[in-house]
Every structure is written in C-alpha cells, then in structure tokens.
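Accompanying notes for the structure given below.
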Amino acid sequence: MPHRRHLWSGRFKEPLSELALKFSSSIDIDKALYREDIEGSIAHVEMLAACRIITPQEMRRIRSGLNSILQEIETGKLSLSWDKEDIHMAIEKRLIEKIGQVGGKLHSGRSRNDQVALDERLYLRGAVFELRKLLVQLERVLLYKAERHFDTLIPGYTHMQRAQPIYLSQHLLAYLEMFERDYDRFGDCLSRFNKLPLGAAALAGTSLPIDRAAVAKKLGFDGIVTNSMDAVSDRDYLIEFVSACSITMMHLSRFAEELVLWCSQEFSFARIDDAYTTGSSIMPQKKNPDMAELVRGKSGRVFGDLMNLLTIMKGLPLAYNRDMQEDKMPMFDSVSTTRQCLFIFSHMLVHTTFSRERFEKELNNDFTTATDLAEYLVRKGIPFRESHSITGKVVASAIEQQIPLGQFTLKELQHFSKAIGEDVFEILDPRRSVEHKASAGSTSPHEVKKQIVHWSRVLKNRIR
Ligand code: ARG
C-alpha cells in the first residue's frame, strides 16, 4: 500500500520524514496568498469546463468547494499549519477532503510552479495599487507644504556646505519629482508583469486542450507569458518590483536624514510634533525624531530583500528550482516595509513645521550669494572664470573681516573690480538672488509657481 499522505506520493515507498517536511514547508509564509490561490483556481477550473476537460457539474462542485474553503480560511476554521507543505497543497488537499476524488480534477493542465508565479503576480498587482496610492498621498502632502512655503528662503547645500539661497518649495518639490518617478516605476513594472503564467504545466506546456488566454482575460491580465519555461522559471518581475521599493525607500531615507538634521539643535530648521517623536529613557530634555530614523533604518531591510532575491536567482538553471520558494519572505517584507514607511512618512510630514525665521536668519549671515556676484560680473562683460576668481577674493576678504558679503561698501568692492557698480547690492540680497534666477527649472518664483500649478493639476486629476 503506497503512502498517501502527500498528493504527489504515488512513486514513494516511504513517507517524507517529519524533519524534512518541517524544513521544507513554506505554508507559514505563503498562506498569505490563499485569496490569490483560490481566485486563480476558480478561473482555471471554469476554463477547464469551457474547454470540456471537465463537465460543468464537476466545475460547479469544485468551484463551490473552493469558495467554502475561502470561508474556512477567513474564519480560521481551516488550520494552515506546517504539516501542510504549502498553501497550494493545503487548499487542494482540503478540496479533495470536502468534495471527494472529483477535487483531484482541478490540477489538470497546471502545476504548483505555475500557481506560485500566478499568486505572486496577483499579489504584486494589489501591492502596486496600494503603494501608488500611498505615493500620491505623500506627493499631496509635499505639494501642500510647498504651497505654504512658496517663498520661504533656505540655504541650498552641496557637499553639506552652504551653496546658494533657494526656496523651501523648490527643495520640497524636488522630492515630489522623485516620488512621482517612483509612482511611474511601479506602474511600469506592473505593465511588464501583468501576464498570466498559469498553464505552463510545470515547464513544457500540456497535451490537454486548455485555453490560457481565456484565464488571462478572466483574471485581468494583459495576455499570457508566452514561453512555458519562462513562465515558471523567472522572478524578474519580483526583482523589478523590489527594486522599485528599494528606490522609493532610498528616497524616503534621504528625506528622513534631512529631517533628522533639520530637527537638530544645530540646525533648528524644522520641528516635528510631539505625537511623532519620542523621549529618552534617561535624558529628560530629549525629543528624538525616531520615525524618520526608523524609515532610514528600514531602507536597509528592503535593500536586503533585493540582494536576497538576486542571490537566490543568480545560479539557477531553468526551469523551476525549489530555491525559489525562498522568494516569498523578501516579497512580503518589502511590500509591508515600504507600505508602512510611506504611510508614516506622510503623517509625520503633516506634523512637521519649518521655521521661516531660522532659515532667513542664517541666510543673512553667509556667502550664499557669491555665485550671484560672479554672474553679475559676467553680465558686465567679464569672462566667468575671471569673475569666479574675483568673487573668490571678495569672499576670502569677507571671511577675514568676519562680515557677510552685503556689508562691504561700494568702494571696497570696487577695489576687487572696477566693473562693480551701485546696483551690486541688489543681487547680494538672498531674496533677490532667488528672484534673479532665469533658467527653466530654477528656484525663481516664476519657475516654482509653474511647478506648483503643474503638480496641482496632475494630483487633482489623479484618482489614486
Ligand atoms: N512551495 C513551492 C514554492 O513556493 C511550490 C512548490 C513547487 N513545486 C514543487 N514540485 N516543489 O516555490
């Protein structure tokens, strides 16, 4: 009497050892895919009937069995414990238990390898939808803050050194652009993976007359994965998705880093409300930007998920290999981490105030308008390299005398270049510096207003 514990055990004389089963079972993790698995099975079984591989009565029995298993899982009546191997086996086994041997007809023309790829694609479709919604939410918060701080002047930095005065709105809108590209990236990745792998029948296709295109249509895919080997053996769709998550996390992390700095006493440019900060267990005066720090820290998890997946896949010959079972953990982790981080970040940003006075006070005491002086001299006909060097000398002298650029007299400035006239004082003012910018995409009021109008229109018309 052959051992019948597993649905595949026909050729085995001995049962799988409990140790090996425990080690290889993935149900603890892939049980989260039960909805996708049942949805896929229902579409498959309807197609089997339409193609006359099973009878309409058999299809109805299988379908209602699957629907009641869905209920059982949802109400916790069906236990999905480690002895079940994986979610696909657990559902099929339960189906046969419930409706008898006819349940065994469900698996015609497909394999678990197909099911894994299908369930993952269905799951990722939902994740793309959700993450894009959260990105739009964050973009809306950024737009709101940019509108409120349209003309708040701040020092712009390169190398973490004061560079030029800019508007805070320009700074915030830079992040909006990044998150919009993330939004596009998720959509772009979906457009490539929204194809049906089911019906690859493990690797070579099947001799049964199945209709894969019909299943694709039923499940909302834009067609089928054409090659049966490719359908079951690649995980590039998942790697691409996790890359998109990683890029989003990298953007969030940079922004988080900036908020951490700006909230420090040294900068004091921003303040996060108490509700989104934490205290120290020992130092009573502390107010820590933990949410921003955690977002920055959690980016490491998602980058790790990406490395995990790339490493799993890099040495695998075609087609399916069991190594690929390890792809679920990084998949779920990157979705839930990115989701949580986007969510908390939007809320934290709503509860962040920027200090207009602090920014402007800093700007009136620095050399951030030096480039404006160099460009002023260019307008007076001096070659840029020369004007750069003249301005450098002005700055060196200002540092020596410990005064900001605007405090030189005209006579003192003319000592550096005869081309300097009374009108120079206009451009040494940080506000005028910003107003004088003329190039497309610059921090000039005109260009920033243009961006705000653009994003208001884009985000208003976007349902999600
Ligand atoms: N649990 C496996 C996974 O997630 C699916 C089973 C693949 N098929 C097999 N014959 N082992 O990848």
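Derivation of every value follows stated rules applied to the coordinates shown; laboratory data play no part. Every value quoted in this text rests on a predicted model; they were computed, and no experiment measured them. Ideal geometry is used to build each Cβ from the backbone, glycine not excepted, and the neighbour counts take in all protein chains shown.
The long axis of helix 34-50 is offset from the longest Cα principal axis of the chain by roughly 50 degrees. The calculated FRET efficiency for the pair Trp8 and Thr158, based on their C-beta separation and a Förster distance of 56 Å, comes to about 0.35.
The fraction of all Cα pairs in the chain landing in successive 10 Å bins from 0 to the largest distance is 4, 16, 21, 18, 14, 11, 8, 5, 3, 1, 0, given as whole percents. Sort out for me the Cα centre separation of the stretch 398-464 from the stretch 77-127, rounded to whole Å. For the stretch 398-464 versus the stretch 77-127, the Cα centre distance is 63 Å. Remark on the stretch 1-65: ratio of C-alpha radius of gyration to 2.2 N^0.38 Å is 1.49. Fraction of C-alpha pairs exceeding 22 angstrom in the stretch 212-320: 56 percent, rounded to a whole number.
Axis angle, to the nearest 10 degrees, between helix 445-460 and the longest C-alpha principal axis of the chain: 20 degrees. Taking the average, over residues, of other Cβ atoms within 10 Å as the packing measure, peptides 430-438, 230-238 rank 230-238, 430-438 from highest down.
Each 5 Å bin from 0 upward holds the following percent of the Cα-Cα pairs of the stretch 122-207: 3, 13, 15, 13, 12, 10, 9, 7, 5, 3, 3, 3, 2, 1.
In order along the stretch 65-81, the Karplus-derived 3J(HN,Hα) couplings, from 6.51 cos²θ - 1.76 cosθ + 1.60 at θ = phi - 60°, round to x, 5, 4, 6, 5, 4, 4, 4, 6, 4, 8, x, 6, 9, 7, 10, 9 Hz, and Gly and Pro are given as x. Assuming R0 = 51 Å, can you tell me the calculated FRET efficiency for the pair Ser268 and Leu316, based on Cβ-Cβ distance, to the nearest 0.05? My answer for the efficiency is 0.45.
Size of the stretch 276-386 from its Cα atoms: along the principal axes, largest to smallest, the extents are 71, 50, 25 Å.
Cα extents for the stretch 333-464 along the principal axes, largest to smallest and rounded to whole angstrom: 62, 30, 27. Taking the Cα centre of the stretch 1-138 as origin and assigning +1 to Lys and Arg Cβ atoms and -1 to Asp and Glu Cβ atoms, the resulting dipole is close to 400 debye. Evaluated with a Cβ-only charge set (Lys, Arg +1; Asp, Glu -1), the stretch 1-71 carries a dipole of roughly 340 debye about its Cα centre, given to the nearest 20. Loop-located trypsin sites (Lys or Arg not before Pro) in the stretch 30-121 (DSSP state not H, G, I, E or B) with no more than 16 neighbouring Cβ atoms inside 10 Å: Arg52, Lys77.
Calculated mean residue ellipticity, 222 nm, the chain: -19500 deg cm²/dmol, from DSSP H runs (n ≥ 4) at -39500 (n - 2.57) each, averaged per residue and rounded to 500.
State the percent of C-alpha pairs, over all pairs in the stretch 1-143, separated by a distance greater than 24 angstrom.
40 percent
Most tightly packed first, judged by the mean number of other beta-carbon atoms within 10 Å of their residues, the peptides 245-258, 291-304, 402-415 read 245-258, 291-304, 402-415. Fully extending the segment from Ala174 to Phe23 would add 49.6 nm, taking 0.36 nm per residue of separation and subtracting the current Cα-Cα distance. For the stretch 86-102, putting each phi into the Karplus relation 6.51 cos²θ - 1.76 cosθ + 1.60 with θ = phi - 60° gives couplings of 8, 5, 5, 5, 4, 5, 5, 4, 5, 4, 5, 4, 7, 10, x, 4, 4 Hz, in residue order, rounded to whole numbers and with x for Gly and Pro. If one takes the longest principal axis of the Cα atoms in the chain, at what angle in degrees, from 0 to 90 and to the nearest 10, does the Cα axis of helix 112-148 lie? The angle comes out at about 20 degrees.
Using a 7 Å offset from Cα along Cα-Cβ at Val453, what residues in the stretch 137-163 end up with backbone N under 19 Å from the label point? Counting only backbone N, you get 143-144, 146-151. One equal scatterer on each Cα of the stretch 115-160, no solvent, Debye formula: the resulting log10 I(q)/I(0) at q = 0.24 Å⁻¹ is -0.87.
For q values of 0.15, 0.25, 0.26 Å⁻¹, compute log₁₀ I(q)/I(0) with the Debye formula on a Cα-only model of the stretch 31-96, without solvent. The computed values of log10 I(q)/I(0) come out as -0.46, -1.06, -1.12. Here r is the Cβ-Cβ distance between Ser355 and Ala440 and R0 is 30 Å; the resulting FRET efficiency, rounded to 0.05, is 0.50.
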